[in-house]
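So the structure is just underneath, and the comments pick up after that.
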Ligand SMILES: NC(=O)C1=CN([C@@H]2O[C@H](COP(=O)(O)OP(=O)(O)OC[C@H]3O[C@@H](n4cnc5c(N)ncnc54)[C@H](O)[C@@H]3O)[C@@H](O)[C@H]2O)C=CC1
Ligand SMILES: CC/C=C\CC(=O)/C=C/C=C\C=C\C=C\[C@@H](O)[C@@H](O)C/C=C\CCC(=O)O
């Protein structure tokens, strides 16, 4: 799979908000069909609005908790059944909840691994496909105010690199990449402020020190689209920062 996404079938998790919503819009605008997965009650109105703008037959409303492996598998299958193929998967849903770190690991890391295996099962062996996993700069440089979150994102990066080699060695024509944004202006960051404020003062200071200018979700969606459409990108880790823009890291 390379080049144009027009006519292809994509699946995006965390599609109701922030980076997932911006990516779904970008994919629809480029002529792809999108299976939109999210746990949020906002997903219905989001899909209705996207359907009005881009055609209701191009978007599938798939309410699902990505931490439930069986439910996630069903939503992947439903996307292929509705649209006839599965070519692009963006494993993007995530939470920022250190107090519930067990749940965080399931949503942020387990769902990326199970989403990748689902994609491998459903993508065409001939045509192949592309997977993009949303990590974070915290997966490259772990942050003291979110140790479990950082671990989940490091896990995504390690999984993506290892799976790239695994797929290549087995001759499977699926590319797999990861995106690592710094702070983005989404509900996740807006809600994190009050949680961080309840942490010990030195941790608040560390969080404040690492916070830079927030980027727009649309900018991150552009990075995800680059990883989808540029056939030379496989096993790529794309860091996105407000001051430096896009940087591919080893
Ligand atoms: N906002 C930021 O500064 C950054 C965010 N990220 C990552 O980007 C991804 C998207 O986050 P944002 O757009 O920022 O946040 P967001 O909060 O706007 O969007 C996350 C979406 O995931 C959904 N979600 C959460 N738990 C779910 C579950 N169990 N099942 C299905 N859907 C679920 C939410 O309902 C929401 O719609 C996450 O993986 C996050 O860790 C990475 C780097 C920076
Ligand atoms: C710093 C970006 C690192 C990682 C990005 C990421 O993957 C997820 C980030 C999630 C939450 C980040 C929250 C950052 C908050 C900062 O703005 C701190 O300055 C908040 C500190 C105190 C709160 C102050 C207030 O709300 O009044």
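Rule-based calculations on the coordinates, nothing more; no lab input. Since the model is a prediction, treat every value here as computed from it, not as a measurement. No Cβ is skipped: glycine too gets one built from the backbone with ideal geometry, and neighbour counts run over all protein chains shown.
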Handout entry: Crossing angle, helix 187-197 versus the chain [Cα axis fit, 0-90 degrees, rounded to tens]
Key = 20 degrees
Handout entry: the chain: antiparallel DSSP beta bridges as a percent of all, rounded to 5
Key = 20 percent
Practice task
List, largest first, the extents of the alpha carbons of segment 61-143 along their principal axes, each in whole Å.
Solution key: 41, 25, 18
Completion exercise
Fewest-first ordering of 38, 69 by Cβ atoms within 10 Å yields 69, 38
Problem - Cα-based convex hull, segment 1-52, per residue volume (Å³, whole number) - result: 68 Å³
Completion exercise
Counted neighbours (other Cβ, 10 Å), sorted fewest up, put 196, 240, 59 in the order 196, 240, 59
Exercise for the section: Give me the percent of DSSP beta bridges within segment 1-145 that run antiparallel, rounded to the nearest 5. Expected result: 5 percent
Completion exercise
segment 15-120: spread of alpha-carbon positions along the three principal axes, whole Å, largest first, is 40, 26, 20
Fill in the blank from the handout: Comparing 181, 144, 63 in a Gaussian network model of the chain (Cα, 10 Å), the one with the largest mean-square fluctuation is 144
Completion exercise
Taking the chain and counting helices only, DSSP H stretches of n ≥ 4 at -39,500 (n - 2.57) each over all residues, the nearest-500 ellipticity at 222 nm comes to -14000 deg cm²/dmol
Exercise for the section: Given the options 137, 189, 107, state which has the largest fluctuation in a GNM of the chain using a 10 Å cut-off (strictly under) for Cα springs. Expected result: 189
Completion exercise
Mean shadow area (nm²) of the C-alpha convex hull around segment 157-224 is 6.2 nm²
Fill in the blank from the handout: Within the set 230, 48, 126, GNM on the chain using Cα springs under 10 Å gives the largest fluctuation to 126
Practice task
Starting from one equal scatterer on each C-alpha and no solvent at all, send me the Debye-based log10 I(q)/I(0) for the chain at q = 0.10, 0.12, 0.17 Å⁻¹, two decimals.
Solution key: -0.43, -0.63, -1.30
